[in-house]
Amino acid sequence: EAGVTQFPSHSVIEKGQTVTLRCDPISGHDNLYWYRRVMGKEIKFLLHFVKESKQDESGMPNNRFLAERTGGTYSTLKVQPAELEDSGVYFCASSQDLYQPQHFGDGTRLSIL
Amino acid sequence: TQLLEQSPQFLSIQEGENLTVYCNSSSVFSSLQWYRQEPGEGPVLLVTVVTGGEVKKLKRLTFQFGDARKDSSLHITAAQPGDTGLYLCAGGGSEKLVFGKGTKLTVNP
C-alpha cells in the first residue's frame, strides 16, 4: 500500500508570502496529524484530524496557520503570511484508528528567506 | 507539559560495539514508541511498548519500558554500519505524540 505522501518535498519562499503544504494519508486512515521540527528542536505536534473534523489543534503556533481536511481525505496546511521562524520540516502522519501506530510522510522542508 | 529527554544526543561507535540509548521523562506515558529516521525521510516506527517493565526484541535491538512507564531504553548489540541513523523516542499513542530530540548514531566500519 502507498505510504503517507507529502508535497512539495521542499519549498523556499520569502517572508510575507503564502505557502500551502499538502498531505495525502494512507488510504482508509481516518486520523491525520501534522507535526513540525524546527532546527535544533524536537518534533512537535501541531494538530490532529479525525476524518474532516479537527480533534485537537492545541499545537498550532498562531492564526497564520490554517489546516483543512475537506472530505476527510487529503489535508492542507497553509501559512499566511510566512515568517522567518516558520522555517523547519513539516511532517504529516496518519493512523487507521487511535490504537494503531502513526505512519509518517517524508516531510516538507520549508525555508523562509 | 510532557517532555522526553534523550541521551546521548550524539553517539559514534565502531562496528561490533554495543550501545544503549535512553529516553526519560517525569511524566507517565500510556505507551512509548521508538522511531528511526534517515536523512530526508520521515520517522519509521520500530516498536511500541505499552506495559510497564515490558521488553521487546527486534533482531539485535532490545527495547525496554520502565516499570513506572516514565522511561525507556534502546540497546543495540553488535552495532553495524546499517544501524546508523537518528533514533527518536515518542510518548503517547492514541493522539498526539511527544518526541525526544533524538540520538544521532554513527556506526563506523
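The values are calculated or read from the model by the stated rules, or taken from the named source; none is laboratory data. None of these values were measured; they are calculated from a predicted model. With ideal geometry, Cβ positions are generated from the backbone for all residues, glycine too; neighbour counts draw on all protein chains shown. Protein only, heavy atoms only, side chains kept; ligands, DNA and RNA dropped before computing areas. Shrake-Rupley method; radii C 1.70, N 1.55, O 1.52, S 1.80 Å.
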**Request:** Please list the radius of gyration and Dmax for chain A, considering alpha-carbon atoms only, with Å as the unit.
**Result:** 13.2, 40
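If you take the alpha carbon radius of gyration of the range B:1-107 and divide it by 2.2 N^0.38 Å, what ratio comes out, to two decimals?
Details: Rg = 12.9 Å, N = 107, 2.2 N^0.38 = 13.0 Å.
With N residues counted in the range B:1-107, Rg over 2.2 N^0.38 Å equals 1.00.
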**Message:** At a threshold of 8 angstrom on Cα-Cα distance, excluding pairs fewer than six apart, so keeping six or more, what relative contact order does chain B reach in percent?
**Reply:** 37 percent
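Counting DSSP beta bridges with both partners in chain A, what percentage is antiparallel, nearest 5? The partial results should precede the final answer.
Values: 33 of 37 bridges.
Here the share of antiparallel DSSP bridges comes out near 90 percent.
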**Solvent-accessible area per residue, Å², over the protein assembly as shown with all protein chains present [probe radius 1.4 Å]** = 49 Å²
**Item:** Across B:K56/B:K101; A:K78/B:K70; A:K44/B:K57, pairs whose alpha-carbon gap is larger than 30 Å
**Value:** A:K78/B:K70
**Message:** How large is the direction-averaged shadow of the alpha-carbon convex hull of the range A:31-79, in nm²?
**Reply:** 3.4 nm²
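Compute the relative contact order of chain A as a whole-number percentage, counting only Cα pairs closer than 8 Å that sit 6 or more residues apart in sequence. Don't skip to the end; give the middle numbers.
Working: 286 pairs, mean separation 41.9, N = 113.
Normalised by residue count, the contact order of chain A is 37 percent.
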**Request:** Add +1 for every Lys or Arg and -1 for every Asp or Glu among the other residues with Cβ under 11 Å from the Cβ of B:G52, and state the total.
**Result:** -1
**Complete:** One checks the Cα atoms of the protein assembly as shown and finds Rg and Dmax, in Å, of 17.6, 51
**Prompt:** Any number yet on Rg/Rh for the range B:14-77, C-alpha, Kirkwood?
**Reply:** 0.99
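Note the buried accessible area between A and B here, summed over both chains, with a 1.4 Å probe, in Å² to the nearest 100.
Numbers: alone 6500 and 6040 Å², together 10960 Å².
Summed over both sides, the interface buries about 1600 Å².
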**Asked** Counting other Cβ atoms within 10 Å of each Cβ, which trypsin sites (Lys or Arg not before Pro) in the range B:1-68 have at most 12 and sit in a DSSP loop?
**Response** B:K59
